[in-house]
Each structure stands twice: as structure tokens, then as C-alpha cells.
1. Considering L249, L204, L175, which residue is farther than 19 Å from C309 by Cα, crowded, with 21+ Cβ neighbours inside 10 Å, in contact (Cβ under 8 Å) with a residue 24 or more places away in the chain and touching a Leu at 6+ places or on another chain (Cβ under 7 Å)?
2. Quick one: would you say A222 is under 25 Å from V5 (Cα atoms) and either surrounded by fewer than 16 Cβ atoms within 10 Å (Cβ to Cβ) or not basic (K, R) (or both)?
3. Taking into account only those residues within the stretch 227-245 that are modelled with pLDDT of 95 or more, in a helix (DSSP H, G or I) and more than 18 Å from S182 (Cβ to Cβ), which is least open to solvent (accessible area, probe 1.4 Å)?
4. Just for the stretch 145-182: of the residues that are outside any loop (DSSP other than H, G, I, E, B) and among the small types (G, A, S), which one is farthest from P37 (Cα to Cα)?
5. Is there a residue being in contact with a His (Cβ under 6 Å, 6 or more places away or on another chain) and over 22 Å from A308 (Cα atoms) anywhere in the stretch 37-60?
6. Does A217 meet the test of being surrounded by fewer than 17 Cβ atoms within 10 Å (Cβ to Cβ), in contact with an Asp or Glu (Cβ under 9 Å, 6 or more places away or on another chain) and more than 18 Å from L292 (Cα to Cα)?
7. Please find, among A148, A84, A144, A56, the residue that is open to solvent by less than 20 Å² (accessible area, probe 1.4 Å), free of Cβ contacts under 8 Å to residues at least 60 places away in the same chain and within 17 Å of the chain's Cα centre (by Cα).
8. Just to check your reading of the model, which residue among D86, D142, D108, D93 is part of a helix (DSSP H, G or I) and touching a Pro at 6+ places or on another chain (Cβ under 8 Å)?
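The values are calculated or read from the model by the stated rules, or taken from the named source; none is laboratory data. Please read all numbers here as calculations on a predicted model, not as lab measurements. So basically every Cβ, Gly included, is an ideal-geometry build from the backbone, and we count neighbours across all protein chains shown. SASA here: full protein model, heavy atoms, side chains in, ligands and nucleic acids out. Shrake-Rupley method; radii C 1.70, N 1.55, O 1.52, S 1.80 Å.
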Amino acid sequence: MTENVFPVGVATGVGSWPGDDPREAAAIVVGELPQLPHLVELPGRGLGADMIGRAAALLVDLPLDTSTTGYRVAQRPGPVTRTARDLLTRDLDALEEAWEVAGRRGTDQPVKVQVVGPLTLASRVELVGGHRALIDHGALRDLAESLAEGVRTHIADVERRLGSPVLVQIDEPGLREVLDGSLSGVSILQAPRALPEPEALAVLQSVIESIGAPVLAHCCAASPPLDLLRRSGAAMIGVDVTALKASDLDGVGEILEAGLPLALGLVPTSAPERVPGWRDLARPAVTLVDRLGFPRRTVAEKVLVTPACGLAGAGADWSRRALRSASELARAFADGAEFD
């Protein structure tokens, strides 16, 4: 089993990517992120290619189909599940090809894969009656167990193809809605209740513990539940710096005090009017550690640099520039550059 750590002082992507060409995307990501490339998601390809669609390719004995509002648990595998699996296979073929060309097969070079977290998944997937799976304790448990089993199989497949260790990013963008009870239902009387934090934590912990690889728990939504993420068993916590509020600072400090590194979203996900230099991009991270009273070397010792979130909505030129900027910033952090 891979040691339960994530690399720091390097850059990686969050996951999604614009366009529909997996070979081009894989070649760019492997080239621009030399220390921690990732298997991209290309949601522009439609159903089966987005975050929940990728889960449809991984779930074991829980096929998904579509409803009028999204994805729904189905009785048997149908077109959506088959499409999702086919797209995942194409993505893996493309990454394997790029890995070979770069000469990384059989090295200790890690690669990252992304999967939707069990709580966001259960909040997005419907049961037969149209209710969110989140409201059914049995369905939530089954989804979490099926997802964990599928991710383990996915990891083994990627390791076999690339001959390299695999790290896992669990995306929970819907976690705050799940905890706050702010999700809509099929009627006002059937909206999902707020899931108590101990229950949510137990579900997330169970998946992280059973995956068998280092996990980055990532939430790029506003006001991420940092205390829950810190206690989830993840090896690293990922957030969008621009989504943090003053009330989140204590939670960030507790993560660092617990010895956990941070994946900080520091690069914009859409092209700004002026391309920022690395000092501009570094400023929020440096300000954060200054306000928390940590030494500035923390950004080199405890930070993984990423874009603020996925890049699916960015143009092709900016997406590539964003990864390059993230790598430049990570090098500046690692080199101990002066930020003033």
C-alpha cells in the first residue's frame, strides 16, 4: 500500500478539463504537471462524463440511469452506465499513452484520480420514487460501500496500467448543503433533512478508510466544513482560497496544527484580464499563514498548489496557462522565494 501521504511543494489539477479530446488533455496534464498529474474529467462530452457520470462507471452492482432531473439508481446497467464505462476506458487509454511517451511507467511518480464523495453522490442521485438517495439510510450506506469498492478496483486498474502509485481525490462540493439541509426535494414536505455531522462524518470516514490509498478530501464550495474534513481520515484537505471567509480561519489553523497539509486553490479558473504573476497568486496563501501566525515556510512545507476548482468552464488556452502558473507558484514556494 502507498504510504499515507500526499506530496507538498508541487502543483496538480483539481479534475475537470475543457473539450472532449482525452488524448490531448492527458498529454497537456502530464506535460504541465510533472510531479503530480491527474486523470482528467471531460464533462463537455455529456451524460456519463461529468462528476456523477464518472461515478456511474465505478459503482459496483448499483447501475445508474437518467431521470428528468439527473441521475437515478436503476435496476440493471443501461446506456448511461455503459457510456460512462466506455468514456472512463478511453480516458485511461489516453493517460496510459501519455505516461508511456513521458517515460514514467514503472517509476515512483504518483498520479491522482478524482471521484465524487459519497455524500455529494447521495445528494445528487435519485431513488426510484424520485427522492434523493440521501434521505434513505440504507441507500446512503449502499452507495458508499459500492463507491468504495469501485474506487479500489479503479486504483488497481490505474496502477496496473501505469506501473505507478495512485493517489485519490474525493470531491465533496455538496457537503455543506448536505449538512445544512438546504437541498430541495420532490416536494416541500419531502426535502432532505440536514444530515447530522456525526452521520456524515461516519460515511465519509468509512469510504476513506476502505479505499487503501492516500486521500485528498476536497471541497471548493463556500464555507467548507473544515472540522469534519479534518476528522475524516484524509491525508490532505483541499479548498478554494477565494471561498474562505474570516469564520473559516480557525478551521484552517486546526488543520495545520493537526499536521495535515493543504491543497490550496490559488489559480483562477477563468482567464483574468491580466495574467497574474506568481507573486500575485501567492499573496492569498501568504496572507493566510500570516494571519494564522504560522511561519511563511508553511507554504513550502504544507501546501499543494491547485487551480481554485475544476477547469471545465475555462478556455483551452487558459486551462493550460493555469496549470503552468500553478507549477510556477509551487516552485516559488519550494525555493523559498521572497513574497514581499
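1. Details: L249 fails: crowded, with 21+ Cβ neighbours inside 10 Å; L175 fails: farther than 19 Å from C309 by Cα.
Among L249, L204, L175, only L204 is farther than 19 Å from C309 by Cα, crowded, with 21+ Cβ neighbours inside 10 Å, in contact (Cβ under 8 Å) with a residue 24 or more places away in the chain and touching a Leu at 6+ places or on another chain (Cβ under 7 Å).
2. On the way: under 25 Å from V5 (Cα atoms): no; either surrounded by fewer than 16 Cβ atoms within 10 Å (Cβ to Cβ) or not basic (K, R) (or both): yes.
No: the conditions fail for A222.
3. Step by step, filter the stretch 227-245, then rank; the result is L229.
4. So in the stretch 145-182, the residues outside any loop (DSSP other than H, G, I, E, B) come out as 145-162, 166-171, 175-180.
When the remaining residues are screened for being among the small types (G, A, S), the result is 146, 148, 150, 156.
On the way: S146: 26, A148: 22, G150: 21, A156: 17 Å.
This residue is S146.
5. We begin by selecting, within the stretch 37-60, every residue in contact with a His (Cβ under 6 Å, 6 or more places away or on another chain); these are 58.
Remaining after also requiring over 22 Å from A308 (Cα atoms): 58.
For the stretch 37-60, residues in contact with a His (Cβ under 6 Å, 6 or more places away or on another chain) and over 22 Å from A308 (Cα atoms): present.
6. Values: surrounded by fewer than 17 Cβ atoms within 10 Å (Cβ to Cβ): no; in contact with an Asp or Glu (Cβ under 9 Å, 6 or more places away or on another chain): yes; more than 18 Å from L292 (Cα to Cα): yes.
Criteria not met by A217.
7. Numbers: A148 fails: free of Cβ contacts under 8 Å to residues at least 60 places away in the same chain; A84 fails: within 17 Å of the chain's Cα centre (by Cα); A144 fails: free of Cβ contacts under 8 Å to residues at least 60 places away in the same chain.
After applying the criteria, what remains is A56.
8. When all the criteria are applied, what remains is D93.
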